[in-house]
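I have placed the structure first, in the form of structure tokens, so that the comments after it can refer back to it.
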Amino acid sequence: MGEKVRVGLVYGGRSGEHEVSLQTALAVMKAFDYSKYEIKPFYISKTGEWRAGDMLLAAPTGLDQLRLAGGSAIIGTEALMPVFGSIQAADDLAAAPATISSVPAEVTISAISSDIPAPELEAPIDVVFPLLHGTFGEDGTIQGLFEMANIPYVGAGVLASAVGMDKITMKKVFAQEGLPQCIYRHFNRTQWQKDSSFFIMEIEVALGYPCFIKPANLGSSVGISKARNRDELIQGVEYALRFDRKVIVEEFVDAREIEVSVLGNDEPRASVVGEITSSSEFYDYKAKYIDGKSMMHIPANITQEQSDSVREMALRAFLAIDGSGLSRVDFFLRKEDGQIFINEVNTMPGFTPYSMYPLMWKESGVPYTELLDNLIQLAIERHAEKQTIDYSGGGPA
């Protein structure tokens with residue numbers, strides 16, 4: 001690496017959390033120490049078009065600048081390869097520099113065809129920081145692209161991202177780990193269309209009303225509804241199926257919402273515990289991002305025993321999904337008896353200075369800018385470890 005670490009920030013994306021991603025990206029750009037880092041922005045539009053901006057000398061002042069209207073367009077999947085550079089052969093992995101190259105102004109699919117030389121690229125990028133939430137960003141898809149390009153990136157890998165995004169698979173992993181959870185049922189669109197009466201009966205018997213209906217693969221409480229009767233259950237399922245092919249229905253638990261931030265790779269550490277008091281009937285998208293009335297309590301007003309239990313379970317959940325870099329782990333603390341249930345792991349949580357993840361670390365003695373430094377270092381360390389793996393399987397070269 002050069003004197004400064006070159007960081008590629010990837011943000012936007014095709015998911016319903018596009019605007020949340022822009023807010024996160026702006027906050028991160030403003031927090032980076034530009035005497036230590038050079039920042040290269042990569043914007044993904046809602047339709048999936050990639051745009052690359054110039055290396056930033058200072059942080060943008062508003063969200064509109066992040067859309068990179070004058071940036072270099074990257075058309076199609078094949079044309080993304082000049083962004084990431086050549087994939088190294090297995091024998092060269094250990095010695096290969098970890099790079100992601102920036103995009104020249106005239107990149108098109110024809111520019112990378114076999115009979116036309118690729119354009120000359122700018123200096124390589126040392127590490128990618130994907131600030132993407134939801135589908136196509138937090139679900140392992142873009143992480144797989146970074147893996148194929150053999151470049152270090154911040155956050156969870158392919159497996160942890162996919163498991164952390166799919167609430168059904170996540171809950172099955174938690175069950176295997178022995179972590180306590182609330183009662184739930186799940187099904188896909190085809191199953192619902194073929195036998196909705198069976199699932200309605202099962203939900204009413206096992207969960208009762210009220211209950212919560214959620215798309216299996218979406219975050220920021222998009223697509224979630226609360227059903228108090230059969231009609232609302234059917235409406236809620238149809239609503240959730242707009243956003244995903246799989247649906248999960250969970251029992252209602254009269255509980256406090258408790259959260260923990262996790263930081264690290266194979267030896268992670270947990271922050272102090274925080275609590276969210278929602279301004280709405282439940283912590284939905286409006287309560288999270290619009291009305292500004294939800295309250296954060298850091299540290300949470302819970303006993304030391306409860307705090308220790310939550311932090312220990314958060315680390316177990318993080319390791320169970322093979323997490324790396326960062327995650328926020330959410331819990332329910334039942335008001336009736338103090339029983340703790342794990343809810344979910346968020347592998348790319350909200351990351352503005354006013355989000356729970358960095359605020360809990362700030363209360364734990366790790367300020368925002370130091371948190372960014374730690375995440376960059378963790379990404380580089382994890383990538384370096386992967387370069388020691390023999391991907392040839394021990395066979396002849």
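Figure legend. Inter-residue proximity from segment 117-130: first residues among the hydrophobic types (A, V, I, L, M, F, W, C), second residues at pLDDT below 50 and surrounded by fewer than 18 Cβ atoms within 10 Å (Cβ to Cβ), beta-carbon distance below 8 Å, spacing 6+ or different chains. Indicated pairs: 118/111; 118/112; 121/104.
Inside segment 361-391, residues that are part of a helix (DSSP H, G or I) and either over 30 Å from residue 299 (Cβ atoms) or of a type in the set (S, T, N, Q) (or both) make up a count of 8.
Being touching an Asp or Glu at 6+ places or on another chain (Cβ under 7 Å) and either surrounded by fewer than 22 Cβ atoms within 10 Å (Cβ to Cβ) or assigned by the TED database to the domain that holds residue 17 (or both) is a description that does not apply to residue 312. Just checking, does segment 354-366 include any residue being among the hydrophobic types (A, V, I, L, M, F, W, C), closer than 20 Å to residue 161 by Cα, touching a residue at least 40 places away in the same chain (Cβ under 8 Å) and not assigned by the TED database to the domain that holds residue 38? Yes, some residue in segment 354-366 is among the hydrophobic types (A, V, I, L, M, F, W, C), closer than 20 Å to residue 161 by Cα, touching a residue at least 40 places away in the same chain (Cβ under 8 Å) and not assigned by the TED database to the domain that holds residue 38. Picking from residues in segment 222-269 that are part of a helix (DSSP H, G or I) and over 25 Å from residue 15 (Cβ atoms), the one that is least open to solvent (accessible area, probe 1.4 Å) is 233.
Residue check: residue 352 meets all listed conditions (1) in contact with a strand residue (DSSP E or B) (Cβ under 6 Å, 6 or more places away or on another chain); (2) within 20 Å of residue 29 (Cβ to Cβ); (3) of a type outside the set (Lys, Arg) but one, namely (1). Each residue in segment 315-333 was checked for being surrounded by fewer than 19 Cβ atoms within 10 Å (Cβ to Cβ) and touching a Phe, Trp or Tyr at 6+ places or on another chain (Cβ under 6 Å), and 0 of them qualify.
Somewhere in segment 19-31, is a residue of a type in the set (Gly, Ala, Ser), not in a helix (DSSP H, G or I) and not assigned by the TED database to the domain that holds residue 375? For segment 19-31, residues of a type in the set (Gly, Ala, Ser), not in a helix (DSSP H, G or I) and not assigned by the TED database to the domain that holds residue 375: absent.
Counting just the residues of segment 334-353 that are among the aliphatic types (A, V, I, L, M) and open to solvent by less than 10 Å² (accessible area, probe 1.4 Å), which one comes out farthest from the chain's Cα centre (by Cα)?
It comes out as 342.
Residues in segment 146-166 that are open to solvent by 20 Å² or more (accessible area, probe 1.4 Å) and within 16 Å of residue 330 (Cα to Cα): none. Checked against (1) open to solvent by less than 10 Å² (accessible area, probe 1.4 Å); (2) assigned by the TED database to the domain that holds residue 243, residue 198 passes all but condition (1). Of the candidates 156, 149, 240, the single residue that is among the small types (Gly, Ala, Ser) and within 26 Å of residue 310 (Cα to Cα) is 156.
The values are calculated or read from the model by the stated rules, or taken from the named source; none is laboratory data. All values reported here derive from a predicted model rather than from experimental measurement. Note that we place each Cβ from the backbone using ideal geometry, even for glycine, and neighbour counts take in every protein chain shown. Ligands, DNA and RNA are stripped out before the accessible areas are found, and what is left, the full protein with its side chains, is counted by its heavy atoms. Shrake-Rupley method; radii C 1.70, N 1.55, O 1.52, S 1.80 Å.
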